[in-house]
Amino acid sequence: MNIFRILGDLSHLASIFILLYAIEQNRSINGLSLKTQVMYVLVYVTRYLDLFTKFYSFYNSVLKVFFIASSIYTVYVMTYKYQKTIKNDIDTFPVKYLVGASAVAGLIITHKYSIGEVVWSFSLWLEALAILPQLFILQRFGEAENITTHYIFALGIYRALYIPNWIYRYFVEGHFDYVSVLAGILQTAIYSDFFYIYYTKVMKGKKFELPV
């Protein structure tokens with residue numbers, strides 16, 4: 001554990017609480033992608049298959065349970081509690097290509113060819129791409145409520161903070177996980193345009209609007 005890992009985890013937790021708060025405050029999921037949230041369920045379920053077979057620490061186990069449970073709960077809230085606010089004509093990104101690309105990447109870029117490792121690699125690549133349907137909705141609307149952008153920003157910062165975490169672990173522990181690093185760099189790159197607009201708009205007190 002190091003400060004970058006802890007800050008990354010806190011940012012990840014914050015993104016979940018911000019998302020759920022936004023849904024309950026607005027009593028709607030307008031502007032949010034159900035497809036992105038469903039993919040996060042798949043990400044956490046496949047990544048944490050070792051939850052009941054390997055014990056690393058109490059901290060690690062609690063976070064795994066929380067991420068699985070909160071992702072399932074988020075999908076439940078979106079599909080049942082606020083089902084009437086789902087915009088199927090907006091959330092139209094073809095996620096089958098994201099799942100397919102992640103599966104191929106998981107097979108090609110993995111530490112070893114075992115079911116556990118391939119599935120774990122798949123979860124990393126899918127997490128890197130899972131935000132695309134949400135960004136697609138932002139693109140279609142052209143603007144978003146600031147609380148929604150806070151959620152996306154916190155989610156992006158979570159993964160960005162893992163980059164200095166990997167650098168720290170390499171120099172201090174001699175540990176280098178190239179699969180995590182490559183997927184993390186891809187994920188951060190996908191957020192790059194969003195980060196720029198967030199900084200130039202939201203952090204300066206303006207509404208999040210995409211340039212015309």
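The values are calculated or read from the model by the stated rules, or taken from the named source; none is laboratory data. Just so it is clear, the model here is predicted, and its values are computed rather than measured. Counting neighbours? That spans all protein chains shown, and the Cβs are built from the backbone with ideal geometry, glycine included. Note: accessible area is taken over every heavy atom of the protein model, side chains too, but ligands, DNA and RNA are not part of it. Shrake-Rupley method; radii C 1.70, N 1.55, O 1.52, S 1.80 Å.
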| message | Is there a quick way to get the dipole size of the chain? I mean about its Cα centre, with the Cβ of Lys and Arg at +1 and of Asp and Glu at -1; what is the value in debye to the nearest 20? | response | 260
| query | Quick one: with all protein chains in place, what share of the accessible area of the stretch 78-212 is carbon or sulfur, to the nearest percent (1.4 Å probe)? | reply | 63
| field | Exposure rank, largest accessible area first [R47, R5, R140, R27; 1.4 Å] | value | R27, R140, R5, R47
| Going by the alpha-carbon gyration tensor, a ≥ b ≥ c the square roots of its eigenvalues, is the stretch 23-67 rounded (a/c under 1.5) or, if a/c is not under 1.5, prolate (a/b greater than b/c) versus oblate? | oblate
| request: Roll a 1.4 Å probe over the protein heavy atoms and report the accessible area of K54 in Å², nearest 10. | output: 110
| field | Whole-Å distance, taken between Cα centres, linking the stretch 157-212 and the stretch 61-119 | value | 20
